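Structure record follows, encoded as structure tokens.
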Amino acid sequence: MNKSAGPTNTSVGRTSLVLLLVIALLNTIGITIIVPIVPFLTLRYLADPNNLAAIVGWLFAAYGICQLIAAPGLGVLSDRFGRRPMLFICLLGSVFGYLILGLGGALWLLFLGRIIDGLTGGNISILFGYVADITEPKDRGKYFGMLGAAAGVGSLIGPAVGGLLATINYSAPFLAAAGLLLLTLVWGYFWLPESLEKEHRITSIAVSELNPLKQLVSMFRWANLRWLLLAWFFYAFPVGMLQATLTVLMKDSLGFNVTQASLVITLLGAVDILVQGVLVSWLLSRLGNIRLGLIALVLVGISYLVLGSIAFLAAPILLLAGIILFAGSGSLVENALRGLISETVGRREQGRVSGTTQSLQSLGWIVGPLLGGFIYTAWGHFQVYASASFIIVLAIVCVWIALPLVQRHQAKKQTPGASEQEAALLPNEEN
């Protein structure tokens with residue numbers, strides 16, 4: 001079997017791309033199949049059920065912390081040793097993580113499973129690296145989009161399948177996820193060639209390249225981006241709070257079982273895909289990134305208040321309204337903020353800024369579950385979502401403060417000769 005593929009090898013490229021799409025699909029199903037079940041499984045091992053939200057928050061945060069630590073290293077190691085071995089290590093780690101979660105037996109085993117899965121959870125970034133290896137630069141955006149679409153479909157299917165399997169028992173979804181990823185690993189081992197030829201690999205790894213905080217620290221030198229990046233963080237932060245507490249809220253306030261909770265999370269994914277595929281381009285062309293971003297942030301803030309009101313009025317209609325509003329407006333926020341951040345830097349800085357936004361999102365999904373779980377347990381159910389809404393207000397303030405800089409750069413880029421000035425305009429690094 002040929003284990004070296006490049007952009008010019010079209011037959012290997014097509015085969016590999018199909019396999020990568022299948023891997024992305026199955027991998028995301030495996031990841032999301034367990035999301036609605038985690039609180040119900042955790043409840044088995046708690047002496048005090050009132051601590052459920054706090055413990056679930058720690059389980060989500062443990063995964064996020066480990067992924068933040070390991071992701072830069074996995075990417076660099078794939079540049080050094082190839083995509084194929086690192087992808088298989090990531091998949092194998094997830095298999096072991098899900099097996100431990102499914103077999104369970106104690107709370108510490110749940111944490112061990114999440115830690116192992118988090119440390120090896122960088123397979124999506126390796127898949128994107130693989131695509132970059134085997135495609136021409138002009139085609140990469142299209143194939144990146146296909147990979148993202150496959151992952152999106154997986155995130156839609158996963159929670160629904162997880163809810164159905166949970167009717168057997170709470171271990172079944174975890175064991176099914178392990179089986180899916182093991183099947184993916186075996187299939188890839190026999191059919192997926194190596195994409196990064198040895199002459200194109202790095203020969204050494206600097207310790208600084210493994211530092212997960214490197215991109216976060218560099219953010220503070222980008223004077224013209226600080227407020228937009230802070231807005232991105234303040235958007236991601238409450239999303240982490242929602243992830244850790246939504247299923248617990250549905251169980252406590254509405255009496256939902258795991259299957260009902262799974263269907264709600266599936267609805268969230270369906271609305272997100274619909275908005276991304278149909279509304280985003282249309283709204284961006286009419287409103288632009290600035291207006292769309294501000295309007296969508298306001299709607300996200302309102303969605304948190306609607307969801308929080310379930311603590312006072314246990315009406316499923318409020319849950320559906322809040323979920324649809326959150327999923328739809330959240331998709332618009334992400335696209336608008338990414339667009340604003342991308343417009344505010346030159347071509348040479350796109351990769352660094354993309355890495356920084358990813359790191360900030362990971363940080364938000366670490367701090368968010370911890371704070372959300374604590375507030376839910378110590379202060380009350382509504383207070384979590386009221387706090388999330390307040391944090392969204394901070395995001396709106398950050399975008400508002402950034403507006404003069406954004407508008408000035410947009411005006412400069414429209415003037416003659418702006419393309420030559422682009423590199424000098426941003427990033428404006430100041431202490």
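Tabulated data
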item: C-alpha center-to-center spacing [the stretch 229-308, the stretch 28-70] in angstrom; result: 20 Å
item: Ranked list, fewest to most other Cβ atoms within 10 Å of each Cβ, for PHE233, PHE81; result: PHE81, PHE233
item: Where Rh is the Kirkwood radius over Cα pairs, Rg/Rh for the stretch 45-156; result: 1.07
item: Stokes-Einstein D for the stretch 1-195, Kirkwood Rh over Cα pairs, 4 °C, 1.567 mPa s (µm²/s); result: 75 µm²/s
item: For the stretch 286-301, 3J(HN,Hα) per residue [Karplus equation, 6.51 cos²θ - 1.76 cosθ + 1.60, θ = phi - 60°, Hz, x = Gly/Pro]; result: 9, 9, x, 5, 5, 5, 5, x, 5, 4, 5, 4, 4, 5, 4, x
item: Residue-wise HN-Hα coupling along the stretch 149-160, computed from phi with Karplus coefficients 6.51, -1.76, 1.60 (Hz; x: Gly, Pro); result: 5, 4, 5, x, 5, x, 5, 7, 6, x, x, 5
item: Theoretical gain in end-to-end length, ASN51 to ILE69 [0.36 nm per residue, Cα-Cα removed]; result: 3.8 nm
item: Three-way shape label, the stretch 221-412, alpha-carbon gyration tensor, a/c 1.5; result: prolate
item: In Hz, Karplus ³J(HN,Hα) per residue of the stretch 399-405 (6.51, -1.76, 1.60; θ = phi - 60°; x = Gly, Pro); result: 5, 4, 5, 6, 4, x, 5
item: Stretchable slack from ARG44 to ILE295, in nm (0.36 nm times residue separation minus alpha-carbon distance); result: 86.2 nm
item: Rule-of-thumb Rg ratio for the stretch 273-332 [Cα; 2.2 N^0.38 Å; N residues]; result: 1.23
item: Residues LEU294, LEU183 arranged by fewest to most Cβ contacts within 10 Å; result: LEU183, LEU294
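None of the figures in this text is laboratory data; all of them are computed from the coordinates on show. Computed from a prediction, not measured in an experiment: that's the story for all the values here. With ideal geometry, Cβ positions are generated from the backbone for all residues, glycine too; neighbour counts draw on all protein chains shown.
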